[in-house]
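What follows is a short report on a single structure.
The values are calculated or read from the model by the stated rules, or taken from the named source; none is laboratory data. As the structure is a prediction and not an experimental result, all values here were calculated from the model. Note: ideal-geometry Cβ built from the backbone for every residue, glycine included; neighbour counts use all protein chains shown.
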Amino acid sequence: MDHAVTQPPAPEPSSLLARTLGGDLPCARCGYNLRGLSVRAICPECGTPVRGTILATVDPLASELRPIPLPGVIALGLVLWAASCLAAALAVLTLRLNELARSLDGPTLASTDLLNHAPSICIAFAGFASLIFIRPHAGIPAITSAAALLGALAHFPLAYLMWQIHAVLDLREPDPYLAHADWSTVRTMLRLGCAACIAVIILGIRPNGRLLVSRSLLMRTGRVDRQTLLVILGAVGLAALGDCLRLTSPGIESDPTETARTIGSLLIAVGSLLITLGLGGVLIDCIRLRHAIMSPPLSLDHILAKPAPSTDAGARP
């Protein structure tokens, strides 16, 4: 005859409140180690209730998160990827500020050949760092890993397109936005190709990126502001719209003042600035995630002392 399988009863709230902290738990306000105190106690240093620190620190999903075999590699790759993308955006911004400075007969920020090659070099480096998104831990669906791989590989055609724009065309056409340039159509087509590559990168790495974000209790619950990749994708679309206007403006015969071209350049400037600001936010988020990846989230089992064994159970023969 089959026997019914009985599940152990869940601990009652009263029993949890009667337990003490058997693991290290810094106070949420002053950092005092609350180890050994009752759940009902208060911090002896600042008076903050222990239960408040538990609610602010303990992750209820800690036991469900998959362990990361190489947390140091994943955390380092995450920060290097974000930092490289931001460095590329800042290099492009510097090139355009130099263009503005030349139009005003002012001094340029930098005029070395390395600056023209910096965007493509940084993006290529970011491509290698983005490999950490493919499978940061076990249990990731194959289709999600394949999408992350596609996103990582898309960095390299993006690096090539940026090299063509900034290391080739910028030498022939140093002022593409503030002067009428003969290479503007080629440049615009290359920029639209860059937008397509960035879209593939964002959509490819975003699912596994969200898995890594879920490891941070603060970011998952919205206790801190964070930058979403979809917002950056929207800024990329805004800049791409500006490129489309610049691409079609030569064919607009009723627009002798090139109004569409001017509006396109303005959309590109706004979109590019938003992309740079967004990447700065992504870097801040990755630095926050680094601590969550390196330090496993706390669960109640980690900080609560095991209950004392019951003494009223009789010995069995």
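Things to note:
- The residues on offer are ASN208, ASN116, and the sole one that is among the polar types (S, T, N, Q), closer than 21 Å to LEU283 by Cα, touching a helix residue (DSSP H, G or I) at 6+ places or on another chain (Cβ under 7 Å) and buried (at least 18 other Cβ atoms within 10 Å of the Cβ) is ASN208.
- One residue from PRO67, PRO60 being over 22 Å from PRO157 (Cα atoms), part of a loop (DSSP other than H, G, I, E, B), at pLDDT 75 or above and not β-branched (Val, Ile, Thr): PRO67
- Which listed residue is closer than 24 Å to ALA269 by Cβ, small (Gly, Ala, Ser) and either surrounded by fewer than 22 Cβ atoms within 10 Å (Cβ to Cβ) or touching a strand residue (DSSP E or B) at 6+ places or on another chain (Cβ under 7 Å) (or both), from ALA199, ALA138: ALA199
- From ALA82, ALA4, ALA18, residue being modelled with pLDDT of 65 or more and of a type in the set (Gly, Ala, Ser): ALA82
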